[in-house]
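The values are calculated or read from the model by the stated rules, or taken from the named source; none is laboratory data. None of these values were measured; they are calculated from a predicted model. So basically every Cβ, Gly included, is an ideal-geometry build from the backbone, and we count neighbours across all protein chains shown. Only protein heavy atoms, including side chains, enter the accessible area calculation; ligands, DNA and RNA are left aside. Shrake-Rupley method; radii C 1.70, N 1.55, O 1.52, S 1.80 Å.
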Amino acid sequence: MFTPQSMSTRSRTSPFTPTPRPGLRSSQNRRTSALFTPNRRAPAQSHGRSQLGSRSLTTSQILDETSQHRVENYGVPLPVLITEALTLTDRNTEITVKIDPSGWAWLVGGRKLFIWRYKAGGTGRGIQCKELILPQSDLAHDAARVCVLPHYNHTQPPACVAVSPEGVVRYWSNIAYECSTAEISAELKGEETDCVVNCQPYGCLLATTTSSLVLLVPTVGQNAIVCHPLKSAQGVFAGFGRRMSSFIFGATPSQTTGAPLQAVVSGPEEEDQRPFYVLSGTFLQKWNLSDTQTERLSFQVDVDRLYREALAKQLWGQDSVQLPQLKTWLLDMQTTSFGVMILGAGINIESSDTVHFSVMSLTTSSDIPPTSLDHFTNLDHVERYSESDEERILGYQLLVPCSGNNSAYVYNKKTIFMVQSDGEGSATDRMELQGVHDSYLGAGSTDGKALFFSNTHGLFCVSALNHVDNSILEESGHEIFSQNDGSILGTNLPQVAELSQSEDKSSRLKAAFLSSISGNMQQAQAILTDLLPADTGSDETRGSEVDQLVVGLSRDVIDDYPASDPRWAKNLRHGEITGGTSSLIIIQQLKDKEKAHSYLIAFLKKLHIWERLTIVPEHGNYMSTTSLLCEHAEKLTAAIALRQLHSDYHTDIIDECIAHVFKIRRESMSTLPVGLTPQDVFYRQVSKIEDIIEALVELESDSLDREQSPHKRVTLITAVNAVIEGMLTSALQYRQSKVETYISPTMIGLQQEYIPWTSTSGARGLRTLLLKQINITMSGAVSEIKDDDTRMVIFQQLLVLSDIILDGYSNQLESLRRSDGREDVYILLDQKYQQERTNLISPFVEYEEYERAMSLAEKYYDFESLILVCEKTNNDERLQRYVDQFSEQGFSNFLFDWYMKHGRRGRLLSQPVGDSRELGQFLESENNKYLSWLHDINNDNFTQAHVTLLDLAKVETTFLSKKKTLLSLSKLTALASDNKSPDMQERLHDINDELDLILHQEQLPLDAVQNLGMNVANMNVMTPQEIAELYVSDMNVVATEYDFKMALDLLSYIDDPEVDKNELRLHIWSRAVLRDSWESNTTSDPLDTNKDTIFFKTVDLAYTQGEDLNECLPSVEELLESKELGDLRHNPNFQFLIKAGYEHLQSVM
């Protein structure tokens, strides 16, 4: 049906280049506050002193606030590994932290490197925190020597480069696989590494303390990295620009080789190149990296000279040449939107011992070296100079969180100064940590916010308090368009007036939205007051008109027509265009819609419509209105990702699929509006963007049925996977990062089942299609893999698709868990989820893709897969880590139960000492109790082992030999315990009685046992009554007086109060009587006749063994009345012989 194109890679594209996000603008107001400094004189209007040390990051959002700045928690809660590193690391071990704008941060302590995601969402596979090991070094490691490289697809784990102080480079292409690394030497020739800076897509920049530069270039998709020392160009025109600038502006001295390095920072990526700046000695250098894998030194300027001139003039009103004792230091540097900002310090030794601090800005956008400072600001903070304290005094660093303004933060281990660099002086806020052992471990920025990390408070944000304008645009979180930009929501008063007067409520809501966009909040509020009167308290839990109107407006925004496209304007009626986009380029149209939708969310919240939203019908069920609004935004994100893939890689495939979408929708291509292409129509209707996935899978299946070439089949499948993955991972990333944005306060107590659009069921549902695509990949691609690179691509695609499916199940189950009355639905779905989870993860285990299997199993709690992989790889260390990591989820019990089911009892009982308590609890259950005594012996708890064995012996009724063994072991452990308590002695007595009873059973005649149908070597456990009965029954054909005496002895072992021992004794003697014939007397002496009978032989044996015949024998009357004797009891001869025998017994007793 279609022929896939192989994926091409543009030279400037890197899989680790993060997508920048627009920052927020900080306040320009300059006020002085001593809120955070207890020792500073308080201003006239004080807000109180900060008490950061007494607050927890997880219990309070805003930590403190002044009239100028706010201090608040930032990001997700710290992972357990990070909190343990902060609390358990030896105090002498230096801990440093780096915070990256991409949402990743890392902590270094000793040789341990912890990388975690501090922003919500943004990564699939559950890699929220990873521990790695740094290269061996005799010097202390530092977070500045580590660089995390985010994947271009933010749902994938990043790569990481770490360099030891000596220059050993270790590279992880994917931090999820900690054992897969590349390691080389940077060949620094004795120089010490200072820092590693991200310069993607060209690599990472390694700088030494003596200003040598090395470019580290990872190989995309492989565990390989190369080093390239940077040197300035040496060609014919090398340095031509610098020579010309020297001719124009005067000679500039050359940088001294080996000068101490102050800072290296990379600038924003430009077309086909990326600049970076080096502050070394007294010089500032600008370099450029380009696509041609070459580097160029653009200029070099003596910035220290500029600083000395500005400092001398502003503080002492003199020229710097008149102050020979003026000593200056350049401390740190950061980039801004127009160049760089530098932190400096200076002291006039002749005047005083006061050290002054300054921030200065230079424009570096062109390759012409700057000749003056753009801005120069002295801080109102000074220090008293002491040579012995110089390292602390000069230990301040600079942070510029938002490149679009002049706000900056100057900080050291204990103090932060929030300053405004505007050239007019500086009034600063100051924040100091109060704890003795608390210090700032690192700083960074993201989205225009200044972030700091301390060992007590974790990650927190310090931001300027901006004046909030009424315009919705400023609250949407997107960059605000300039006044001349008409590409989005261009509104005009006649249009708004016309819509506001319409009878259609949807048009009036649209009018209110457009009014808010233009900044006319009063008009917007007036329209809404008339359109949506205050809530009357009616039950709106099943959806309301407000929900329908809002969802309709949201759908209009994402499905809007391009306002300025004449082709669309010709085919539409007046009023059908919202004005969400006026671009003629499809990708820009989609991005404009994305911004417009964010404005809509801000509009709903600001005008208090948000809290009135409940539920609406969707996907054949009811769902939260706010969740549906999030779904619309997700589809916009997916559409943007699809269009980028369409333009870059898969033009033919997606073109044909778009044509097939019209067939699925039963729309004829011939009916398209005049002049419009299928792409125009398809990308306009974003609300149905998921139809492309059905088209992809259908056309792929048709093509595979005809295609015979294995290579083309694999290429086709990987191309389809790439398109689906790109769309859906973008949508999931948005969903995960915007969880807080779409929370509905109305629905907190009215939880609805949430079925993400990426997880719908049914023949055309995305969950069904994704499962089908995975099956196609397994059957059509995995079996055809010929090389490792293809294998890696295919299994990574399978991983992402499986993650999407399981994430959908997880979200749906979580919503059902919180829903009342849906327990049956939850149970059925959970069973299906567990089955699908096994089906999706098991192929990774089967093909030994263990890291991928475990990443999914960790995220979705598939404990069986985790155990199976650990057992296959003999990785006990990892298994033990899972025991600790998933302790609250019951991993230990699952592991123990797994060992029992698979007959791995040896593994079960060899668990580490740390699991002893959990194992003991597990073995206490009735099903596992027969192993608990071994665990007790292993823990030297012989008394408990004795009790357990005795309990097991008491309930053993099947095998006599097993019961004997249990009793013997119980007795042995009792003796080993050295327990001499009365209870122990009593139990030992009971054990001896039980062993004697077993001996009686073992001495049963062989014929009697065989006649009963029992195996002598494998007898069942019998009661004393049963043993006695077998001794005296007809089955014991050759019974003797000893057998009957044995039966009488067994009466002492009967402790059942319901058993009548006298009756049983009479039964035994009666059976003894019946063993002989009593009807005739062959001798004249009855005693001679009696002595040959079993009855009187048994009496004689009992008397001989010392038994009391008065208690042992029944009376003659009882015997003659025994019904068991039948008619024999009335026989005169029998009566004669019995009475004669009893008379003789009386005479001898």
**Prompt:** Which value, in debye to the nearest 20, describes the size of the charge dipole of segment 1068-1125 about its Cα centre when Lys and Arg Cβ atoms bear +1, Asp and Glu Cβ atoms bear -1, and nothing else is charged?
**Reply:** 220 debye
**Prompt:** If you place +1 on the Cβ of every Lys and Arg, -1 on the Cβ of every Asp and Glu, and leave all else neutral, what size is the dipole of segment 141-226 about its Cα centre, to the nearest 20 Debye?
**Reply:** 240 debye
**Complete:** Whole-Hz Karplus couplings 3J(HN,Hα) for segment 92-109, θ = phi - 60° and coefficients 6.51, -1.76, 1.60, Gly and Pro as x, run 7, 7, 6, 10, 10, 9, 10, 10, 9, x, 6, x, 9, 9, 9, 10, 10, x
**Asked** R0 = 22 Å: FRET efficiency of residue 712 with residue 651, Cβ-based, nearest 0.05?
**Response** 0.80
**Request:** For segment 768-858, run through the GluC sites (Glu not before Pro) and keep only the ones in DSSP coil with at most 15 other Cβ atoms within 10 Å of their Cβ.
**Result:** 848
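Write out the GluC sites (Glu not before Pro) in segment 342-400 meeting two conditions: DSSP loop, and at most 16 other Cβ atoms within 10 Å of their Cβ.
Taking segment 342-400 and a limit of 16 other Cβ atoms within 10 Å, the loop GluC sites (Glu not before Pro) found are 350.
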**Asked** Could you give the distance between the Cα centres of segment 795-832 and segment 1095-1144, to the whole Å?
**Response** 80 Å
**Message:** Suppose all protein chains stay in the model; what accessible area per residue would a 1.4 Å probe give for segment 328-380, in Å²?
**Reply:** 32 Å²
**Prompt:** To the nearest 20 debye, what is the magnitude of the charge dipole of segment 620-751 about its Cα centre, counting +1 on the Cβ of each Lys and Arg and -1 on the Cβ of each Asp and Glu?
**Reply:** 280 debye
**Asked** At q = 0.10, 0.14, 0.16, 0.22 Å⁻¹, what base-10 log of I(q)/I(0) does the Debye formula yield for segment 145-239 when every alpha carbon is treated as an equal point scatterer in vacuo?
**Response** -0.27, -0.51, -0.64, -1.06
**Prompt:** Can you pull the semi-axes for segment 642-749, root of five times each eigenvalue of the Cα gyration tensor, sorted largest first, whole Å?
**Reply:** 29, 21, 13
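If I stretch the segment between residue 224 and residue 351 completely, what's the gain in nm (0.36 nm per residue apart, minus their alpha carbon distance), one decimal?
Values: separation 127, 0.36 × 127 = 45.72 nm, distance 5.65 nm.
Taking residue 224 through residue 351 to full extension adds about 40.1 nm, to one decimal.
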**Of all accessible heavy-atom area on segment 588-669, the percent that carbon and sulfur account for (1.4 Å)** = 46 percent
**Fill in**
In whole angstrom, the spacing between the Cα centers of segment 666-699 and segment 150-170 equals 41 Å
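Identify the GluC sites (Glu not before Pro) of segment 1005-1105 meeting these criteria: DSSP loop state and at most 14 other C-beta atoms within 10 Å of the C-beta. Each step should come with its number before you reach the end.
On the way: sites: 1026, 1029, 1041, 1058, 1063, 1079; in loops: 1058, 1079.
The qualifying sites are 1058, 1079.
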**Fill in**
If each part is reduced to its alpha-carbon centroid, segment 177-210 and segment 584-662 end up apart, in Å, by 41 Å
**Asked** Considering only Cα-Cα distances, which of the following residue pairs are longer than 27 Å: 98/591; 119/591; 112/414; 98/606; 738/772?
**Response** 98/591; 98/606; 738/772
**Alpha carbon convex hull of segment 936-979, volume per residue in cubic angstrom** = 55 Å³
**Prompt:** Between residue 185 and residue 497, what is the spin-label point distance in nm, taking each point 7 Å from the Cα along the Cα→C-beta axis?
**Reply:** 8.1 nm
